[in-house]
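S.K.: This structure is in structure tokens; I'll ask about it shortly.
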Amino acid sequence: MDFKLNDEQKEVLKAVKEFTAKEFTPECALEFDQKEEFPSAIYKKAAQLGFTSMRIPQEYDGQGYGIFEDCLVVEELCRADPGLGVAISLGNLMIPDVLLKHGSEEQKKKYIPPLARGEKLAAAAFTEPEHGSDITRMDTTAVKAGNEWVINGAKEFITNAPTAEIFILLTQSDPKVQPPHKGQSLFVAEKGMPGLEATKLHGKMGIRPCTTGSVAMCDLKVPEANVIGEHGKGFYYTLELFDGTRITVAAQAVGIAQGAFERALAYAKTRKQFGQTIINFQGIGFKLAEMAWKVESARLMMYKAAWYYDNEKPNPTATSMAKAYASRIAMEVTDDAIQVFGGYGYLADYHVERYHRCAKITELYEGTSEIQKMTIANYLMKQQ
Ligand SMILES: Cc1cc2nc3c(=O)[nH]c(=O)nc-3n(C[C@H](O)[C@H](O)[C@H](O)COP(=O)(O)OP(=O)(O)OC[C@H]3O[C@@H](n4cnc5c(N)ncnc54)[C@H](O)[C@@H]3O)c2cc1C
């Protein structure tokens, strides 16, 4: 169903639809899923058209839109293909957001424009082998030595790690302060710095064109100029980041669900059994009706969270509700899509199984659904 978009938003949506129609061919989607390879050439084209820098200000070579317009683009990319869509929507992961809020002018000028233009990719490293949902304490340490900081530790499951050239690292820079999260700082590091190594993880369930890796830091030396914002604020900056980026994960989930729904609807209108198209069977028609209203309601929650973010202030409860709900319905709708396709839905060539495999990540990264529920429950507890 159409939502009231203004003329500029309609133009953005039209442009991204034209782009996906041309670039996300079925063959290409299957190939990158199988190869587990980042689609660099497609990413560069998307960046040239501005789709990867929607909410970066124009003075740093971005498009200067809000998170709402970014979500329109992310939804369409993931509707057209969940693997390519997620890979392209995460190329600039978080670094521009955190630098725009807390970076020095020097850091903004140095790091954001090449990311906005698609010349470089970003990786944001919080998760560690022993600290996933709980990032209140980091095992990665940053120790001051003269004008430098020496970083040691390991990060796990880092999006773009194998291809990124710019990294942000969450570290424990003061191991003594209590509670420990008040002793965390964020640093920028660059590929090629001695002591920074990334290795690619293989065999992911979904979003295979979006590469993931481990990052090891062994006596990695970064200058004082690479500290982001204030020392001791890294944990707070990270939570603040998630209030925005989790809305774009909701947009990924809505797009994945919408794409699977559209494929199932089209199939149900053509597939014949017992002498009629299967959409005529109430069991299939009702399933499609439920899929449609689930996508619609998740989209509205995502729009609401984006509206708060752009027009008032980030609303963590609205963001968590949108992410948790959209990711759940993405799992349900993509599962139903396979059911509508019957046995064919189980085959890669019919595409919907890929939507289902890719949907799962939206319940896991940037805070699992349980972590979103904790945010929502905390809010409910405080209500009179
Ligand atoms: C493909 C992929 C890409 C990723 N990209 C990045 C990235 O770019 N950067 C980054 O830093 N991280 C990234 N991650 C890591 C991701 O954010 C973590 O996997 C996630 O936060 C969960 O951490 P964990 O895997 O250690 O699970 P755990 O924290 O060990 O959780 C295991 C289970 O316990 C539950 N649980 C934990 N605590 C609670 C609680 N208090 N109450 C109820 N249930 C709880 C969880 O919800 C989960 O179900 C990525 C992960 C994947 C798979």
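S.K.: Quick one: in segment 236-257, which of the residues that are within 14 Å of the ligand (Cβ to nearest atom) and among the aromatic types (F, W, Y) is surrounded by the fewest Cβ atoms within 10 Å (Cβ to Cβ)?
M.R.: So, considering only residues that are within 14 Å of the ligand (Cβ to nearest atom) and among the aromatic types (F, W, Y), the one surrounded by the fewest Cβ atoms within 10 Å (Cβ to Cβ) is Y237.
S.K.: Something else now. Name every residue in segment 211-235 that is touching a Gly at 6+ places or on another chain (Cβ under 7 Å) and crowded, with 21+ Cβ neighbours inside 10 Å, in order of residue number.
M.R.: Answer for segment 211-235, where residues must be touching a Gly at 6+ places or on another chain (Cβ under 7 Å) and crowded, with 21+ Cβ neighbours inside 10 Å: M217, L220, I228.
S.K.: Looking at K287, K323, K294, which is the one that is under 30 Å from K204 (Cβ atoms), surrounded by 19 or more Cβ atoms within 10 Å (Cβ to Cβ) and without any contact (Cβ under 8 Å) to a residue 40 or more places away in the chain? Outline the logic, then answer.
M.R.: On the way: K287 fails: without any contact (Cβ under 8 Å) to a residue 40 or more places away in the chain; K323 fails: without any contact (Cβ under 8 Å) to a residue 40 or more places away in the chain.
After ruling out the rest, the residue left standing is K294.
S.K.: Look at I361 and say whether it is in contact (Cβ under 8 Å) with a residue 24 or more places away in the chain, aliphatic (A, V, I, L, M), closer than 30 Å to K101 by Cβ and surrounded by fewer than 20 Cβ atoms within 10 Å (Cβ to Cβ). First the steps, then the outcome.
M.R.: On the way: in contact (Cβ under 8 Å) with a residue 24 or more places away in the chain: yes; aliphatic (A, V, I, L, M): yes; closer than 30 Å to K101 by Cβ: yes; surrounded by fewer than 20 Cβ atoms within 10 Å (Cβ to Cβ): no.
In short, no.
S.K.: Name the residues in segment 160-192 that are over 26 Å from the mean Cα position of the chain (by Cα) and closer than 17 Å to A225 by Cα, would you? Don't jump to the end; show me each part of the working.
M.R.: Just the residues of segment 160-192 that are over 26 Å from the mean Cα position of the chain (by Cα), to begin with: 173-180, 182-183.
Scanning segment 160-192 gives a single hit, S173.
S.K.: Read through the list (1) away from the ligand (no atom under 15 Å from the Cβ); (2) at pLDDT below 95; (3) of a type outside the set (G, A, S), then give the number of the only condition that K109 fails.
M.R.: For K109, the exception is condition (2).
S.K.: Got a number for residues in segment 44-81 being within 17 Å of E11 (Cβ to Cβ) and among the hydroxyl-bearing types (S, T, Y)?
M.R.: 2
S.K.: Hey, A198 hits all of (1) among the small types (G, A, S); (2) within 18 Å of M94 (Cβ to Cβ); (3) more than 16 Å from the ligand (Cβ to nearest atom) but one; which does it fall short on?
M.R.: The single condition A198 does not satisfy is (3).
S.K.: Further question on the same structure: Would segment 137-148 turn up any residue that is within 16 Å of the ligand (Cβ to nearest atom) and under 22 Å from the mean Cα position of the chain (by Cα)?
M.R.: No, segment 137-148 has no match at all.
S.K.: Here are E128, E165: which of them is free of Cβ contacts under 8 Å to residues at least 60 places away in the same chain, within 16 Å of the ligand (Cβ to nearest atom), of a type in the set (D, E, K, R) and over 30 Å from A29 (Cα atoms)? Can you show your working first?
M.R.: Details: E165 fails: over 30 Å from A29 (Cα atoms).
Testing whether each residue is free of Cβ contacts under 8 Å to residues at least 60 places away in the same chain, within 16 Å of the ligand (Cβ to nearest atom), of a type in the set (D, E, K, R) and over 30 Å from A29 (Cα atoms) leaves just E128.
S.K.: Of (1) over 30 Å from Y308 (Cα atoms); (2) in contact with a helix residue (DSSP H, G or I) (Cβ under 8 Å, 6 or more places away or on another chain), F261 satisfies all except one. Which?
M.R.: Against the list (1) over 30 Å from Y308 (Cα atoms); (2) in contact with a helix residue (DSSP H, G or I) (Cβ under 8 Å, 6 or more places away or on another chain), F261 comes up short only on (1).
S.K.: Now for a different question. Out of the residues in segment 71-90 that are in contact with a Leu (Cβ under 6 Å, 6 or more places away or on another chain) and either touching a residue at least 60 places away in the same chain (Cβ under 8 Å) or of a type in the set (K, R) (or both), state the one that is farthest from A359 (Cα to Cα). Outline the logic, then answer.
M.R.: Initially, segment 71-90 is screened for residues in contact with a Leu (Cβ under 6 Å, 6 or more places away or on another chain), giving 72, 85, 88-89.
Applying the additional criterion that residues be either touching a residue at least 60 places away in the same chain (Cβ under 8 Å) or of a type in the set (K, R) (or both) yields 72, 85, 89.
Values: L72: 18, G85: 12, S89: 14 Å.
By that ranking, first place goes to L72.
S.K.: Could you tell me how many of the residues in segment 356-384 are more than 8 Å from the ligand (Cβ to nearest atom) and either of a type in the set (V, I, T) or under 29 Å from A264 (Cβ atoms) (or both)? Lay out the reasoning, then the answer.
M.R.: Pass one, segment 356-384, residues more than 8 Å from the ligand (Cβ to nearest atom): 356-360, 362-363, 372, 375-384.
If we keep only those that are either of a type in the set (V, I, T) or under 29 Å from A264 (Cβ atoms) (or both) too, we end up with 356-360, 362-363, 372, 375-376.
So the count comes out to 10.
S.K.: For segment 283-384, list the helices (runs of 4 or more DSSP H) that sit wholly inside it and hold at least 1 residues that are over 29 Å from H131 (Cβ atoms) and either out of contact with any strand residue (DSSP E or B) (no Cβ under 9 Å at 6 or more places or on another chain) or at pLDDT 95 or above (or both); which are they? Let's see the steps before the verdict.
M.R.: Values: elements: 316-341, 352-359, 369-382.
Output list reads 316-341, 352-359.
Yes or no, residue by residue, for (1) in contact (Cβ under 8 Å) with a residue 60 or more places away in the chain; (2) more than 30 Å from A41 (Cα to Cα); (3) touching a His at 6+ places or on another chain (Cβ under 9 Å):
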position: S185; (1), (2), (3): no, yes, yes
position: K204; (1), (2), (3): yes, no, no
position: C210; (1), (2), (3): yes, no, no
position: E224; (1), (2), (3): yes, yes, no
position: G229; (1), (2), (3): yes, yes, yes
position: G234; (1), (2), (3): yes, yes, yes
position: K269; (1), (2), (3): no, yes, no
position: G275; (1), (2), (3): no, yes, no
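S.K.: Here's something else I'd like to know. Quick test for you: out of Q63, Q48, Q107, pick the one residue that is surrounded by fewer than 23 Cβ atoms within 10 Å (Cβ to Cβ), closer than 30 Å to E224 by Cβ and not hydroxyl-bearing (S, T, Y).
M.R.: From the options Q63, Q48, Q107, the qualifying one is Q107.
S.K.: Regarding K4, is this residue basic (K, R) and modelled with pLDDT of 95 or more? It would help to see each step written out before you state the result.
M.R.: Values: basic (K, R): yes; modelled with pLDDT of 95 or more: no.
No.
Rundown of residues vs (1) small (G, A, S); (2) crowded, with 23+ Cβ neighbours inside 10 Å; (3) touching a strand residue (DSSP E or B) at 6+ places or on another chain (Cβ under 8 Å), yes/no style:
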site	(1), (2), (3)
R117	no, no, no
A122	yes, yes, yes
N160	no, yes, yes
A164	yes, yes, yes
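The values are calculated or read from the model by the stated rules, or taken from the named source; none is laboratory data. These numbers come from a predicted model, not from an experiment. For neighbour counting, all protein chains shown are included, and Cβ atoms are generated from backbone atoms with ideal geometry for every residue, glycine included.
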